[in-house]
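To start, the structure itself, in structure tokens.
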Amino acid sequence: MPKSGVINIIGSIGTDGFNEVTLRSVMEQVQNLGEVDNYIVNINSGGGEVTEGFAIYQYLTTLDKPITTRGVGLVASIATVIFMAGDNRQLYSNTQFLIHNPWTFGEGDADTLTKKAEELRSIENQLLDFYVNMTG
């Protein structure tokens, strides 16, 4: 009988100290599972930091085992990218799935805010390209 390893991505994603999910926490879960035949990734997250979410996505895709991602409650923002790591993707019937344009908090002078807007546009294009490549 195949042995499944369960990874939980529950809560906010990021490294700023206020978030529950980081690449490190996902890696630790995987290491604690030992040898498994496949992974089940439960996701209930409103999202968080784009760079950390993409890092988790990339890590999951390198595990070389079948992955089932399950949306349980809320899969929003960068959590949708992590969800796409699944070879098999499941959303429970009442799960909310939300994609939106990236946004940020900012302060500074006009030059600083203009640069931040350019960064956001770049991230938006990165996300759009990702979703197009993943979904056709």
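The values are calculated or read from the model by the stated rules, or taken from the named source; none is laboratory data. What you are looking at is a predicted structure, and each value in this text was computed from that prediction instead of being measured. We place every Cβ from the backbone using ideal geometry, glycine too, and count neighbours over all the protein chains shown. SASA here: full protein model, heavy atoms, side chains in, ligands and nucleic acids out. Shrake-Rupley method; radii C 1.70, N 1.55, O 1.52, S 1.80 Å.
Annotation for the range 4-38: GluC sites (Glu not before Pro) lying in DSSP loop with at most 11 further Cβ atoms inside 10 Å of their Cβ are Glu35.
Exposed loop sites were defined as chymotrypsin sites (Phe, Trp or Tyr not before Pro) in DSSP loop states (anything but H, G, I, E or B) carrying at most 16 other C-beta atoms within 10 Å; in the chain the longest segment without such a site runs 19-91. Sequence-ordered 3J(HN,Hα) estimates for the range 28-39 from the Karplus curve with 6.51, -1.76 and 1.60 and θ = phi - 60° stand at 5, 4, 4, 4, 6, 6, x, 6, 9, 8, 7, 10 Hz, glycine and proline given as x. Taking a Cβ cut-off of under 15 Å around Pro66, the surrounding Lys, Arg, Asp and Glu residues balance to a net charge of 0, with basic ones at +1 and acidic ones at -1.
Against the chain, whose longest principal axis is taken from its Cα atoms, helix 50-61 shows a tilt of about 20°.
Remark: the range 39-136 carries 58 Å² of accessible area per residue (probe radius 1.4 Å; ligands, DNA and RNA excluded). Measuring nothing but protein heavy atoms, the accessible surface of the chain at 1.4 Å probe radius is 50 percent carbon and sulfur. Straight-line cross-link partners of Lys3 among the lysines, defined as a Cα under 20 Å from its Cα and at least 8 positions apart when in the same chain: Lys65. Net charge near Ala117, counting Lys/Arg +1 and Asp/Glu -1 over other residues with Cβ under 14 Å of its Cβ? Neighbourhood net charge equals -3. Could you work out how far apart the two model spin labels at Asp129 and Met1 are, taking each label as a point 7 Å from the Cα in the direction of the beta carbon, and quote it in nm? Placing both labels 7 Å along Cα→Cβ, they lie 4.5 nm apart.
For the range 60-136 versus the range 16-34, the inter-centroid distance based on Cα atoms is 18 Å.
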